[in-house]
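Have a look at the structure below before the remarks.
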Amino acid sequence: MAIICMARQVAAKGDEISAEVAKLLNYKFITRKDMEARIVELGFPKEKLHKYDEVKPGFFASLAKDRDEYLDYLQTAMLEAAADGNCVLIGRGSPFVMSELPNALSFRFVADLSTRLSRLEKEFNFTEKQAKQRIDESDSNRRGFHKSFFNVDAEDPANYHMVINSGRLDIKAAAALIVSIVEANVTPDLEAEGKKKVAEMLLAQKLVNFLVFDHKINVNFLRALVIDKKIVLQGIADSSAIVEKALVLAQKTYPDYKIESAISVVQDFKTYK
């Protein structure tokens, strides 16, 4: 079971290479539309997707509770796919959501500016000016998206197992290279470790969703961390009573785990609705 995470520049053939990798490995390719559909199915309003989905949130959008809700649903959808195993995830910070999994490999696709311009001009009948505007907008959005949600520099090659220039390698060559890396690096031991880890991460995310969405527990930036048979809740609340309620509900939900709080209590902490 391997989880392959792809990041890409616009017009760098990331979707095409990802599809080819999935085909060669007989893995499931989780497309952009697949991920959008699952996020909405889980409960995020479809009409609000455009504010957060692989774009840099505006000032007020970045402060709203919708931002955290989008991230919770996004991570849930990705972890569900990873729990099923043998999948290719593309975009939306998947290399960073899955970075703790020992059986996850991440790749980024880039190309030189002239190649990207040429591809967009040909595919969409853009002028050079229109193509350049599309590239600038996309690059800015993806930088802002990754900074806002994961506090990372998505363009730093150190964040990936490999960065591939699709202006120098064609789709089949790039896909074959990735397949060879996956087959050489993902061992049965790593697969077993990864399966256990992703199950813990999904359990933690489902607990967060249960507290936030089902019980409306007002803990901002709520996260849960599973360590063996212990679950640690993290976030910011404006009263100790809220923290206690979260602990009680979590303990009832997962009685076999020891529940601890690392939630900070900050009076008058508010976010926009």
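Search the stretch 37-60 for residues that are without any contact (Cβ under 8 Å) to a residue 40 or more places away in the chain and pair each with any residue that is assigned to a helix (DSSP H, G or I) and acidic (Asp, Glu) when their beta-carbon atoms are under 6 Å apart and the residues are at least 6 apart or on different chains.
Taking only residues 6 or more apart or on different chains, the pairs are Lys48/Asp66.
Among the listed residues Ser99, Ser106, Ser114, Ser118, which satisfies the condition of being over 19 Å from Val55 (Cβ atoms) and part of a loop (DSSP other than H, G, I, E, B)?
Working: Ser106 fails: part of a loop (DSSP other than H, G, I, E, B); Ser114 fails: part of a loop (DSSP other than H, G, I, E, B); Ser118 fails: part of a loop (DSSP other than H, G, I, E, B).
Result: Ser99 is the single residue among Ser99, Ser106, Ser114, Ser118 that is over 19 Å from Val55 (Cβ atoms) and part of a loop (DSSP other than H, G, I, E, B).
In the stretch 246-273, what count of residues is obtained for those that are surrounded by 13 or more Cβ atoms within 10 Å (Cβ to Cβ) and more than 23 Å from Thr76 (Cα to Cα)?
Summing the residues that are surrounded by 13 or more Cβ atoms within 10 Å (Cβ to Cβ) and more than 23 Å from Thr76 (Cα to Cα) in the stretch 246-273 gives 3.
Answer yes or no as to whether Leu190 is in contact (Cβ under 8 Å) with a residue 24 or more places away in the chain, over 18 Å from the mean Cα position of the chain (by Cα) and farther than 14 Å from Ala250 by Cβ.
Spelling it out, Leu190 is indeed in contact (Cβ under 8 Å) with a residue 24 or more places away in the chain, over 18 Å from the mean Cα position of the chain (by Cα) and farther than 14 Å from Ala250 by Cβ.
Out of (1) surrounded by fewer than 22 Cβ atoms within 10 Å (Cβ to Cβ); (2) within 17 Å of Gln205 (Cβ to Cβ), what's the single condition that is false for Tyr70?
Tyr70 satisfies all of (1) surrounded by fewer than 22 Cβ atoms within 10 Å (Cβ to Cβ); (2) within 17 Å of Gln205 (Cβ to Cβ) except (1).
Kindly establish whether Ala7 is at pLDDT below 95 and either within 25 Å of Ala111 (Cβ to Cβ) or small (Gly, Ala, Ser) (or both).
no
On the given criteria, is Phe109 surrounded by 15 or more Cβ atoms within 10 Å (Cβ to Cβ), among the hydrophobic types (A, V, I, L, M, F, W, C) and at pLDDT 95 or above?
yes
If only one of Ser240, Ser180 is open to solvent by 80 Å² or more (accessible area, probe 1.4 Å), out of contact with any helix residue (DSSP H, G or I) (no Cβ under 8 Å at 6 or more places or on another chain) and hydroxyl-bearing (Ser, Thr, Tyr), which one is it?
Just one listed residue meets the conditions, Ser240.
Arg8: charged (D, E, K, R), touching a helix residue (DSSP H, G or I) at 6+ places or on another chain (Cβ under 8 Å) and closer than 30 Å to Arg168 by Cβ, yes or no? Reasoning before the result, please.
On the way: charged (D, E, K, R): yes; touching a helix residue (DSSP H, G or I) at 6+ places or on another chain (Cβ under 8 Å): yes; closer than 30 Å to Arg168 by Cβ: yes.
So Arg8 passes the test.
Take the conditions β-branched (Val, Ile, Thr), part of a helix (DSSP H, G or I) and over 16 Å from His146 (Cα atoms) and apply them to Val21. Does it pass?
Judged against the criteria, Val21 is a match.
If the requirement is being more than 16 Å from the chain's Cα centre (by Cα) and not in a helix (DSSP H, G or I), which of these qualifies: Ile164, Ile135?
Just a single option satisfies the conditions, and that option is Ile164.
Which residue is most open to solvent (accessible area, probe 1.4 Å), if the candidates are limited to the stretch 168-177 and must be in contact (Cβ under 8 Å) with a residue 60 or more places away in the chain and over 9 Å from Phe107 (Cβ atoms)? Steps first, answer last, please.
As a first pass, look at the stretch 168-177 and keep what is in contact (Cβ under 8 Å) with a residue 60 or more places away in the chain: 171-172, 174-176.
Now narrow it down to the ones that are over 9 Å from Phe107 (Cβ atoms): 171-172, 175-176.
On the way: Ile171: 57, Lys172: 133, Ala175: 0, Ala176: 53 Å².
The qualifying residue most open to solvent (accessible area, probe 1.4 Å) is Lys172.
Would you point out which residue out of Glu128, Glu100, Glu137 is under 18 Å from Gly14 (Cβ atoms) and open to solvent by 50 Å² or more (accessible area, probe 1.4 Å)?
Going through Glu128, Glu100, Glu137 in turn, the sole match is Glu137.
The values are calculated or read from the model by the stated rules, or taken from the named source; none is laboratory data. These figures come from a predicted structure and were not determined experimentally. Neighbour counts are summed over all protein chains in view; Cβ atoms, including those assigned to glycine, are modelled from backbone coordinates with ideal geometry. The area values use the complete protein model at the heavy-atom level, side chains included, leaving out ligands, DNA and RNA. Shrake-Rupley method; radii C 1.70, N 1.55, O 1.52, S 1.80 Å.
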